[in-house]
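The values are calculated or read from the model by the stated rules, or taken from the named source; none is laboratory data. Everything numeric in this text was worked out from a predicted model, so none of it was measured. Cβ sites come from the backbone with ideal geometry, for glycine too, and all protein chains shown count toward neighbours.
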Amino acid sequence: MLRLSLKRSLVFLCGFILVLACYPSGMVHAATKSVPAGDVATLRSYLSSASPGDIIEVTGTYNVSDGTIATTVSGLAGGYITIRGTRGGATFNFTASAGNAAFHIKHNYYKLENITINSNSQSNKGLLIEASHGYVTNVTVKNTKGEGFKIRKNSQYWLISSSTAQSTGAGGKFGEGFYVGDADQNWTTSPDPDQSGYITFLNCSAIRTVNDGFDFKEGTHHIKVVGGTVDFQNTVPESSVGNNGIFMRANGVQIINTTVKNNASTGQAFRTSKTTASDGVSYGSNLELKNVTASNLSGAMIYTNYSSNKLYTDYTMTGVAGGLYASGSKTATTASPSGFVEMTWPGEGGAPVM
């Protein structure tokens, strides 16, 4: 009996070791944590102690009077840290200065879902991303001093979907809806470029922004806007330059099934400029416009300073006072829709959507 018992123990021990061997190293024990409505302190506590795979649930309204809500630790490829609005989502009202950003994702592998960020002119940016690998789903940012969504500092591999930037630039001068990278004079390791990229904006909307609906800066690359809408709601954007639907100085941009409308300024629906930056490199190539629409614009549909852009012939244009090309613009290369090939890449945002 002793021998039999010892044999069974050895079999159990070997089986246990085998099971452990099948798990990846660094195995984590994820938890779901619910934050009571209004309890900002508990949310910050959960963020500071989060482990990869954790889900932090928020619901109802949170009035934030003490600065930015920011991440503290990173997730893992197999264990994103998720901040999720439940039971109809969550709204964060910022009631005192939040400085540079209301929400700040500073660490890799995050998901942010089903929330509204109302800056109330208390922050320069609504959602600031300075990290790689993540998903932003059903997030609305409104009433910022500056940009609604800002992705910079070499952040890569993001899928931003079903999200809205609304009334950005409230009380401020610069208010783009969705912004990738930084202008070269603002590169943090100048003259090295900000190479944020591999980013897809899927079914996202920029509504009544003070500046461009989408703005992609020199150095950034591999960006798709699919099913997007820019609606200025018949307002005049503040800037005579940043008054376009989508302004591109990036390399490798595809605008697909996207509409720009109701711009009362002279800005264009789609503007691209090949630019030589402070590192001596020329940026702004390989732009493609596929099945795009422009309507009710005082300006033109397109301005470009180089001709190697592609405009697929399935575009539509209604009530565009400035015509297809703005005065002084070069002419893009036209192409048949049948020849379009969507960019893909391994990682977040890289799957084909057409």
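Numbers at a glance
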item: Contacts under 9 angstrom Cβ, first residue in segment 20-44 being exposed (fewer than 10 other Cβ atoms within 10 Å of the Cβ), partner among the hydrophobic types (A, V, I, L, M, F, W, C) and modelled with pLDDT under 95, 6 or more apart; result: L20/M27
item: Segment 185-201: number of residues that are surrounded by fewer than 20 Cβ atoms within 10 Å (Cβ to Cβ) and of a type in the set (S, T, Y); result: 3
item: Verdict on E113 being under 20 Å from M248 (Cα atoms), surrounded by 20 or more Cβ atoms within 10 Å (Cβ to Cβ), within 15 Å of the chain's Cα centre (by Cα) and in contact (Cβ under 8 Å) with a residue 24 or more places away in the chain; result: no
item: Number of positions in segment 252-265 that are surrounded by 22 or more Cβ atoms within 10 Å (Cβ to Cβ) and under 9 Å from L287 (Cβ atoms); result: 3
item: Out of K145, K125, K150, sole residue that is more than 18 Å from V40 (Cβ to Cβ) and outside any strand (DSSP E or B); result: K145
item: Residue check for S336: closer than 13 Å to L287 by Cβ and among the hydroxyl-bearing types (S, T, Y); result: no
item: Residue that is nearest to the chain's Cα centre (by Cα), among those in segment 179-211 that are free of Cβ contacts under 8 Å to residues at least 40 places away in the same chain and closer than 23 Å to L159 by Cα; result: Y179
item: Breaking point among (1) closer than 21 Å to F174 by Cβ; (2) within 22 Å of the chain's Cα centre (by Cα); (3) part of a loop (DSSP other than H, G, I, E, B), for D231; result: (3)
item: Count - residues of segment 191-221 that are of a type in the set (G, A, S) and farther than 12 Å from N244 by Cα; result: 4
item: Of all residues in segment 275-324 being of a type in the set (D, E) and either assigned to a loop (DSSP other than H, G, I, E, B) or more than 26 Å from the chain's Cα centre (by Cα) (or both), the one that is farthest from V226 (Cα to Cα); result: D279
item: Residue count for segment 172-183, restricted to those that are on the phi < 0 side of the Ramachandran plot and buried (at least 22 other Cβ atoms within 10 Å of the Cβ); result: 6
item: Matching residues in segment 202-221 - criterion: being part of a strand (DSSP E or B), crowded, with 24+ Cβ neighbours inside 10 Å and touching a Gly at 6+ places or on another chain (Cβ under 6 Å); result: A206
